[in-house]
Each structure stands twice: as structure tokens, then as C-alpha cells.
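Novice: Sharing a structure with you now.
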2 protein chains.
Amino acid sequence: MKKLNSWCIELPVPKPSLDDNSGDLDRLNRALKKETSIARVNSPLILLKDLPSKLRSSGFQIKCALFRDRLGYYLTGIKGKDEKGFLGVAVDLGTTRYVVSIMDLESRQELCKGNYLNPQAKIGPDILTRIHYAEDPKGREEIRELIVQDLDEKIKILCEKAGADVEDIVNVAIAGNTAMTHLFLGIEPNWIIREPYIPPLNRLDLFSAEEVGLGLGRGTKVFLFPNIGSYFGGDLLAGLIECQMHKNEEIALFVDVGTNAEVVLGNSQWLVACAGAAGPALEGGVSKIGKQAAPGVIDKVKYDPVKKKFEYTTIENRPPIGICGSGMIDLAAELFVNGLLDIRGKFVRDREKSLFVEKDEILYLKLVDKSESGTGEDLLISQPEIDSLIRSKAAMYTILETLAETVGIPLSQISKFYVGGTFGNFINPKSAITIGMLPDLPLERFVPLGNTSLKGAKRLLMEPDCFDELFMLEEKITYIELNVNQEFMNKFSGAKFLPHTDLTKFPSVKVRDKI
Amino acid sequence: MKKLNSWCIELPVPKPSLDDNSGDLDRLNRALKKETSIARVNSPLILLKDLPSKLRSSGFQIKCALFRDRLGYYLTGIKGKDEKGFLGVAVDLGTTRYVVSIMDLESRQELCKGNYLNPQAKIGPDILTRIHYAEDPKGREEIRELIVQDLDEKIKILCEKAGADVEDIVNVAIAGNTAMTHLFLGIEPNWIIREPYIPPLNRLDLFSAEEVGLGLGRGTKVFLFPNIGSYFGGDLLAGLIECQMHKNEEIALFVDVGTNAEVVLGNSQWLVACAGAAGPALEGGVSKIGKQAAPGVIDKVKYDPVKKKFEYTTIENRPPIGICGSGMIDLAAELFVNGLLDIRGKFVRDREKSLFVEKDEILYLKLVDKSESGTGEDLLISQPEIDSLIRSKAAMYTILETLAETVGIPLSQISKFYVGGTFGNFINPKSAITIGMLPDLPLERFVPLGNTSLKGAKRLLMEPDCFDELFMLEEKITYIELNVNQEFMNKFSGAKFLPHTDLTKFPSVKVRDKI
């Protein structure tokens, strides 16, 4: 009994004979059982219609594409052994943007990738607006169609770009947060945000591309990563599949940083998870110059106290047009260590008056002069924007601390600190520690993982075993509802300082002498 | 753990709570597992879309419709506990006619039934013509649509007649022979009639009504009874499910009489099956006055040797317009015992000259005078028609004898002789014995079962356990390819006499003295 190493499997099917009265599908199943541990595959009628001629025209040497869910295995494609291969599509279904990757299931190569605006943003940039919009069945259908049709279109464009055939797509894996998953499927999402905050759907089985609304291959099945709860969605499970912390003895922490901070702590023995609003400051689009990572966006900042100037890098080295979350964290850390931000996170104007401007009683830091900027205007950061960042970092740290305390593990004992999310990829851990957003661990323990949601979806398309892991993870993860009680608020208050009221928690952070 | 007694199950689903973070479908599955042995049901997306509101509007008191196949259980409908019930459709998919029954799955009552011409007859009255027509993909699609669209329409008409809602149909069970099953699904049927005569599909899993082409309920699943081989189809398995011979110790024989004679012999320990062409004479439509059972068709015949006249009954007592297979068997038996047919099956004209007419050198028996007939013409039976009947009865007996000899069971040891098929229902066993078509067993051993194909399909809709029986039957039945060798032909030659060359096989048959 061989392990299933790929969703594509070459299968020599016995020929029918007078001694073997079984049908084509039964002989295929028998061959499959011989090669794998799979006793019987489900097949849509449309593939069965092809089966007799495919078998006979290929001399009974075929290759099958398979996919699975909790209920069993499914035949998603049949080809002659020598026909070209099967494709898969991995999707990171984000609230603001979504990323699509076209994979060759045989060579395990990514053929093409695209990053797109989630067109549901037309309805509302934030999840809440969309959920409210989808309360009405018509709105729900409209908002579902927006993303499904756009995805369908983008997949076709990507295939064309890669010289691939849309009809060859057999397996689709989509990882999104709980609300995005519901909106994608057209399932009432409003229960997610109503007491007792239980999503209608957690564990999902395969759907046909047709019922989802995608026009791909004839037998294509779509898997959506399951949710653990309203605030712990399939994107997180995909992240865990990518980070693999559930396979090791050492205690690790996985955090997906976005509007929410979703955190999983544990090892191969146990896993606890929680999620909490980390505040919008960590994602772009909320502060005036705050932006999602894009060409011209500042992602790294250093302050030169001699020149009294900021040095920065921008994405693709374009003239600066804004700053992303990781840039903000860098900036705050630099301001803080150079005494330009006090422990309360307030600008220290007197330290270097030339860096600040005041308008309408609001104090701004001038990050980039209009002479250098890509917008033709000064790039300014306001005190309220810094305040927002501080609240976000405080929330993040409090969530981490609370979860660790709940299970009685000091943060210092965490051996690996995986940071997921595209945004997480850019965070400079040293800066994040400096402002007290991440715990003060040796830097080598921080592992940026990039877009773990997409990577997990891709991994599922490459490694059939991941399903077993996924089902195991669903059972294993204990989701802890963060109780925002007095103690949490006390912790949060302490964490609103830079780096923290309790400096013993951040021994590595050295602050420049006060003025 | 309760047994599943019905495909409809009332299910109190636990409400979501802060202590129970699982989704609606997961809680439904948990409730289901508690009530039954089912761990998880597959659900189409369209039913999941309804699930949250159905649960909440019914106070979490729902009823579900389920169905199953080899792969597992499927959710086919969801309603509030107090909504009206779910419906099922059973279909006997015959070559010439098909019968549709609308069932209430809760009360287990038949709401309505209809018997229709299979519109594929337009393409060809016989299976072979249709199979050839379907070799070409366009023809295959055309012939598939003919029956599927007609069935869809007829189901709607029947529902209207019964005051039932088509949308309430959740489970459909269809029993047809191997070729009809392939043609219904649009699967290449030509392999059925080509060496090595193995059908593309034997074991079938559930399809959605949509992929089959039926527009019924939103989650409706369609089950087609599996085939055992090219000449042993789902109609036969449905027949076995109805006759239940596989549950008893006593050795029984089940025969479905039609153009083919399909025979199963065995008991709860073993089952052997074979099929052979019994000749067209046993089905209506081939002799000039031979007809399918219909109003005005003669189904019983007696000869009054004093009046020198035939007495007969017709269906619905209408004036006679033809004779069906059972009437032909009666007629041949009466002719034989009255010396009007010799042991070779030839008319004995000299016995009663007034009964016969000769036209174009062919001898005819006048069964009904034009003064009495419903057609305004004499109803005549020709010698070739009798010859055809004799060949058919000989084939039938030879098949029975050969199968019994193959397993070493004398025909006399058969405790129950189940006769299936609408036609079989009308056969007078005494007449069939008299002409040597059925073995000379005590009459009480013959059990007419009527339309076993339809009855088996209905039973599957009423008794979920039948699936286990069905899967067991598939494994258990040994299909024997009838080897038409010299020995078979010798047997056949002996069986072409009335009742047989070996009269010791038919001790009960008393023949009137020869003239």
C-alpha cells in the first residue's frame, strides 16, 4: 500500500475480459486500491462519460487527478497517460486583495501568479460593511458573484499568460478568513458577528467548481480551508499547514498579522489559538499615507541623527508615495530610540523641531519632503496615526502575552516565532521588539513566512497528506475566546507604552538618553 | 446507535453557544451521529446556503432527507420539523415502457403512478438499434435527452396530479437493464454488445439530479441500480431486493421474463445468475396480434371442446384486440391439451377444421371472430407465431435447466419460484408447465411478483437498509455466462417439444389422446 504522493496518479487499468465482468470504473477503482490506500473514488457523471473512450484510446494506461475531503476521494480528471498534465489553483482570498497561483500538479511548479484587488471592496473596504450588505439574500448573491466572477476571469487570464489550458484545472484550494469564506460561498455571514459569534460553516467538504460558480475543468473540485471559529479562519489553518509547527516538539508560536492578530501557540502535542483585533494601523489604507505594499511604498526606515534626516527604501525603488505597516513599525522604533517619540508614543517636538509641522492643532512628522516624494507633496505622519499604531502594537503584545499566560508558558520559552502574512514578511523583528509589539526574543527565533495562506493552499495541492494534517489540526486546536476583562485591559495599558511599562520584559531595548 | 429506518429523519440540532464553537453543519452532523450510525453527511452547497436560516427559523428542530451510496451518506433535503414531507421517485426504466411512482418518504405511501412509452422507441423499438444509434456522441446525447426530458416532464405531471411539489423530491431510484442505464446516463453503450461484452459501468454512485438532467429538488440525488454484467442489469438487482430470496435458507429461483430471461438461483448462502435470449414471443408486439398488456388485450384463454370455441378474458373486459404473452401461453397450453397442437407445436388442423384458415400457404388459428373482435377483423394466430412461442419457451426452460445443472441442484428442489416482470404477473403457471416452459413444480411454489423492478426501487426509497443488501448482492452473485455449446443445443432441441421429449420431467402434464 503506497502513500499518495501526488494528486496525479498514473494508473494501468486492467482490461475488461470474459474472466473479469467488472465495469470500467470498478476496474479503475481496483487499480487505484492496488496503488494507493484508496478503496473507491467518487466521480462526477461527466467524467464517467469520458471514461470508456479514454481507457480504450490510451490502451488502458491513464492518469487520474484526485482530490479529497473528510468524506473520501474524488476523481477530478482523467487523461491518457501521455497527455499533458493536470493543473491546480491555489488562492489566498484576502479581504483587500487576493492572490491566485496556477500550479502544475505533476511538476509541482508554479506556472503563474497574480495579485488582485478583491472586488467586494466596491461594497465596502472592511469586512463588517460587507457582512451587513450580505444580510439581504440579493446583496449576498451580488457580493458572492463579485469575487467568484472576478476569480474566474483572473484564472483564465493567468492560464492564457502561462500558455495553460483552463480545462486542465482539476483541483482548487482556497484559503480565506471566516467571513471571506462565507461570502465566497454565498452563505449567510451575519451569524459570524452576532452572539454567540459562531460561524454557520466551519468544516467544509469539496464542492464542484460548477456549484461554486467557477467554469474550469469538467470534474474540478473546490476545497475551502475550514474555519475554527468566527475569528479564526481557513487562512490561518493554511498558515499552519505551511509553518508545520504541529510537527515539532519545540514550542512555537505562529502569528498572522493583519487587522486581526491571529495567534497559535503549541507543538506536536497541543495547540491553542486565539484572535483579537490588533487595530487597523498594521494594515495599510487607514492612515493618510499608510498603504498596502506596492511600488513606491516605504517599507524600511532609518533615522540619521547627524543629518537629521530619514533614510528609507521603497518597493521597487520608486519615489516614495506612502508607507506600509512594516515601514511604520520601523519608523516608530527609529523615532523612539532617537528620542523623537517618548514612552507614551508622543512626538518629542523639542528634540528636533525641524522634523515637525503643526496644522490645525495636530502635530505631524515630515517623513519625506515634497521635493523627494512621488506625490509632489510632503509625506506626513500625524500624531493620531502614531497613536493608532501604538494601540495596535499594544493589542498584539497583550494578545501574545495573554495566550502564553493562559497556558503557563513564558514568552521567553518560545523556540520559534513564525510571522505569517505578506505584511509580516516585511516586519523587521528588531523594530517590532523595540516598540514592544513582539516579545524580546533572540532575533534568530523570528521566522518570516510570507503569504502563509497562499503557501498553505499551494502545499495542499502538492502534498495529499496535508489533508490528514488539516483534519488533525481541526481536532487539536483549542480556540480560546480572549476574555477582554480587567486583567486584559491592565495588560493592554502597560503595553501601550514604548516598549512597555515593565522594561524587564524588553532587556534588549536601549533607549537614547532623555533630553 | 439507532438503525436508519427512513430516509427522513427528524433532528434536534444543538444551538450554537459560546461553549460550542462548531459550525451549523458540524452540529447537524453531531446530532445525526447521535441518532444514527452516520458520522458525516455530504451536502451540496445549495443546501448549505439554506442551513443557517432553516435552523434558526425552525428553532433548531429540523428534518433532513438523506440518501446514500458506496461512498457515504448525502444530505438531499432540509426542512423545518413541521414543514410538509419529502418525496421520492421510483422508476422502472423499461426498454418499451417505463413506470414512475411518486412516493411520500415519510408516510411510505405511493402518491401517484404513471406508465409511459419509452420515447427512445422513436429511435428504435429494440435495444440493439438504440445502442448502435448511440455510438455517435450526438446520437448518444439525443437518445439520452429523449428519456431524461420525458421523465422530467412526467414526474412534473404526476406531482401536479398528486398535488405534490416537485421541489420536495429529494431521492430518486431508477432500475433499468444495463443498456437502458447507460443510455439514460449518456455513457457509451456499445461496449455492452462487443467482445468481451463488459459494460462500461456496473457499480454506480449517486449523481445529482442536475448532472443527470432532471430539474427536481435543490439537493436531489439520483441512484441507478448497478449492473452485474451486460445482460444482468439494475432492474434485476431491484427485483432481488423485492423478492428477498437472499435472506432465506431455502433454495429459490427468481426469473424475470421478457425478451431476455434473467434468472437467479440460490439462497442466503450463495447466488448464481445467468441470462439468455428467451425470444421475442414472450413480449408483445412481435406477432401480428401479440400485444403488451393493455385494455382489450386477451390475457387468459380456455378452449371449450364441446362448443368448439375459445373462451377468454380481456383486460378491462373490452372487446378483444390482440393477445399478450400470458394469453399466448394459455392458448398454446389449451391447444396442446386439446390435441389441437401436436408435440412439435404444429397445428392439428384435422382435429377441428372449423378453427383454422389457410392464407398464402400459412395456416392460421382463428381465435376470435370478427363479429366479436374490437378491431372488426378476425383475430388470427399463425403457425410461425406459435413456432416463435415454442422457441421462446424452449429457450426459457433450457436456461433454467442449464443453470440448475451447473450448480447441481435439480429443478425439483427449488422451494420457491419467483416470477418477476409485469408480464410474469399474468402467466398462469399451470399453462406454462403444460407447454414445458416452466418446470413441473407444485403450483403453490410459483410466486408471481409483478413489476419487481419498480417494487425494488420503491423499497429502496422506503428501507435504507436495502443499500447494504444491494452491496452484499453485488459481491455475492456469481454471474455465469451461458455457454451455448452442443450440450445446450441438445437440451434446447428436447425443450422444443411440448412439453418436452423427456415426459418424465413433466409428470403432471396430461395430454388428450391423439386422434
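The values are calculated or read from the model by the stated rules, or taken from the named source; none is laboratory data. Source: prediction; values computed, not measured. Positions of Cβ are generated from backbone atoms using ideal geometry, with glycine treated the same way; all protein chains shown enter the neighbour counts.
Novice: Got at least one residue in segment B:123-131 being under 30 Å from B:L4 (Cα atoms), buried (at least 19 other Cβ atoms within 10 Å of the Cβ) and β-branched (V, I, T)?
Specialist: Narrowing segment B:123-131 to residues under 30 Å from B:L4 (Cα atoms): none.
Checking segment B:123-131: not a single residue is under 30 Å from B:L4 (Cα atoms), buried (at least 19 other Cβ atoms within 10 Å of the Cβ) and β-branched (V, I, T).
Novice: Shifting gears a bit: When segment A:140-160 is examined, which residues are found to be charged (D, E, K, R) and either outside the structural domain of A:G217 (by TED's automatic domain parsing) or in contact with a helix residue (DSSP H, G or I) (Cβ under 7 Å, 6 or more places away or on another chain) (or both)?
Specialist: Correct list: A:R144, A:D150, A:K156.
Every residue, every condition in (1) out of contact with any strand residue (DSSP E or B) (no Cβ under 6 Å at 6 or more places or on another chain); (2) within 19 Å of A:Y231 (Cβ to Cβ), yes or no:
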position: A:V89; (1), (2): no, no
position: A:G94; (1), (2): yes, yes
position: A:P119; (1), (2): yes, no
position: A:D126; (1), (2): yes, yes
position: A:R130; (1), (2): yes, yes
position: A:E141; (1), (2): yes, no
position: A:L158; (1), (2): no, no
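Novice: Going by what's in this entry, would A:V13 be described as outside the structural domain of A:L460 (by TED's automatic domain parsing), within 30 Å of A:K122 (Cα to Cα) and aliphatic (A, V, I, L, M)?
Specialist: When the stated conditions are applied, A:V13 does not pass them.
Conditions tested, residue by residue: (1) more than 17 Å from A:L201 (Cβ to Cβ); (2) assigned to a helix (DSSP H, G or I).
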residue: A:N115; (1), (2): yes, no
residue: A:H132; (1), (2): yes, yes
residue: A:E135; (1), (2): no, no
residue: A:I155; (1), (2): yes, yes
residue: A:E167; (1), (2): yes, yes
residue: A:A175; (1), (2): no, no
residue: A:T181; (1), (2): no, yes
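Novice: I would also like to ask the following. How many residues, within segment A:293-315, are in a strand (DSSP E or B), touching a residue at least 24 places away in the same chain (Cβ under 8 Å) and closer than 19 Å to A:D350 by Cβ?
Specialist: Going through segment A:293-315 one residue at a time, the tally reaches 2.
Novice: So which helices (runs of 4 or more DSSP H) stay within segment B:415-489 end to end and still have 2 or more residues that are surrounded by fewer than 17 Cβ atoms within 10 Å (Cβ to Cβ), without any contact (Cβ under 8 Å) to a residue 40 or more places away in the chain and assigned by TED's automatic domain parsing to the domain that holds B:T402?
Specialist: Numbers: elements: B:422-426, B:429-434, B:452-462, B:466-476.
Passing ranges, in order: B:466-476.
Novice: Still on this structure, please answer the following. Being under 31 Å from the mean Cα position of the chain (by Cα) and among the β-branched types (V, I, T) narrows it down to one of A:I381, A:I362, so name that one.
Specialist: None of the other options fit; the residue is A:I381.
Novice: Could you list, in sequence order, the residues of segment B:165-210 that are in contact with a Pro (Cβ under 6 Å, 6 or more places away or on another chain), among the hydrophobic types (A, V, I, L, M, F, W, C) and over 17 Å from B:N118 (Cα atoms)?
Specialist: Hits for segment B:165-210 are B:I187, B:W191, B:I192, B:I198, B:L204.
Novice: What is the number of the single condition among (1) surrounded by 24 or more Cβ atoms within 10 Å (Cβ to Cβ); (2) among the aliphatic types (A, V, I, L, M); (3) within 30 Å of A:V255 (Cα to Cα) that A:L216 does not meet?
Specialist: Just one mismatch for A:L216, condition (3).
Novice: Within segment A:102-111, is there a residue that is assigned to a loop (DSSP other than H, G, I, E, B) and of a type in the set (S, T, N, Q)?
Specialist: Yes: segment A:102-111 contains one or more residues that are assigned to a loop (DSSP other than H, G, I, E, B) and of a type in the set (S, T, N, Q).
Novice: When you scan segment B:26-68, how many residues do you find that are closer than 23 Å to B:L461 by Cα, facing another protein chain (nearest Cβ under 7 Å) and free of Cβ contacts under 8 Å to residues at least 60 places away in the same chain?
Specialist: 2
Novice: Taking B:K113 as meeting all but one of (1) under 18 Å from the mean Cα position of the chain (by Cα); (2) under 23 Å from B:R68 (Cα atoms); (3) basic (K, R), write down the number of the exception.
Specialist: Failed condition: (2).
Novice: Among the residues of segment B:216-229 satisfying the criterion of being closer than 17 Å to A:L48 by Cα and not in a strand (DSSP E or B), which is farthest from the other protein chains (Cβ to nearest Cβ)?
Specialist: Restricting to residues being closer than 17 Å to A:L48 by Cα and not in a strand (DSSP E or B), the top hit is B:F225.
Novice: Still on this model: Please count how many residues of segment A:7-25 are under 26 Å from A:S208 (Cα atoms) and surrounded by 17 or more Cβ atoms within 10 Å (Cβ to Cβ).
Specialist: 8
Novice: Here are the criteria: (1) closer than 25 Å to A:G229 by Cα; (2) part of a helix (DSSP H, G or I). Tell me which single one A:D150 does not satisfy.
Specialist: All conditions pass for A:D150, except number (1).
Novice: Also, I was wondering about something else. How many residues are touching a residue at least 60 places away in the same chain (Cβ under 8 Å) and over 17 Å from A:I435 (Cα atoms) when one looks only at segment A:343-367? Before the answer, list the steps.
Specialist: As a first pass, look at segment A:343-367 and keep what is touching a residue at least 60 places away in the same chain (Cβ under 8 Å): A:343-345, A:348, A:350-351, A:367.
Right, trim to over 17 Å from A:I435 (Cα atoms) and you get A:350-351, A:367.
Result for segment A:343-367: 3.
Novice: Among residues belonging to segment A:172-194 that are among the polar types (S, T, N, Q) and buried (at least 24 other Cβ atoms within 10 Å of the Cβ), point out the one that is nearest to the chain's Cα centre (by Cα).
Specialist: Out of the qualifying residues, it is A:N177.
Novice: Now for a separate question. Working carefully through the options A:L75, A:L71, find the one that is touching a residue at least 24 places away in the same chain (Cβ under 8 Å) and surrounded by 23 or more Cβ atoms within 10 Å (Cβ to Cβ).
Specialist: Working: A:L71 fails: surrounded by 23 or more Cβ atoms within 10 Å (Cβ to Cβ).
So the residue among A:L75, A:L71 that is touching a residue at least 24 places away in the same chain (Cβ under 8 Å) and surrounded by 23 or more Cβ atoms within 10 Å (Cβ to Cβ) is A:L75.
Novice: Would you point out the residue of segment B:495-515, among those that are of a type outside the set (V, I, T) and free of Cβ contacts under 8 Å to residues at least 24 places away in the same chain, that is surrounded by the most Cβ atoms within 10 Å (Cβ to Cβ)? Spell out how you get there, then give the answer.
Specialist: Taking segment B:495-515 first, the residues of a type outside the set (V, I, T) are B:495-500, B:502-503, B:505-508, B:510, B:512-514.
Retained after the next criterion (residues that are free of Cβ contacts under 8 Å to residues at least 24 places away in the same chain): B:502-503.
Working: B:D502: 11, B:L503: 14.
Checked segment B:495-515; the qualifying residue surrounded by the most Cβ atoms within 10 Å (Cβ to Cβ) is B:L503.
Novice: Let me ask something additional. Among the listed residues B:E142, B:E135, B:E167, which satisfies the condition of being more than 13 Å from every other protein chain (Cβ to nearest Cβ), loosely packed, with under 15 Cβ neighbours inside 10 Å and either in contact with a Cys (Cβ under 7 Å, 6 or more places away or on another chain) or of a type in the set (D, E) (or both)?
Specialist: B:E167
Novice: Moving on to the next point. I need the full set of residues from segment A:181-215 which are of a type in the set (F, W, Y) and either over 19 Å from B:R218 (Cα atoms) or more than 9 Å from every other protein chain (Cβ to nearest Cβ) (or both), in order please.
Specialist: Scanning segment A:181-215 gives A:F184, A:W191, A:Y197.
Novice: Can you give me the number of residues within segment B:468-509 that are away from chain A (no Cβ under 14 Å) and of a type in the set (F, W, Y)?
Specialist: Final tally of qualifying residues: 4.
Novice: For segment B:120-130, which residues satisfy the criterion of being within 17 Å of B:H182 (Cα to Cα), part of a helix (DSSP H, G or I) and touching a residue at least 24 places away in the same chain (Cβ under 8 Å)?
Specialist: Of everything in segment B:120-130, those that are within 17 Å of B:H182 (Cα to Cα), part of a helix (DSSP H, G or I) and touching a residue at least 24 places away in the same chain (Cβ under 8 Å) turn out to be B:Q120, B:A121, B:I127, B:L128, B:R130.
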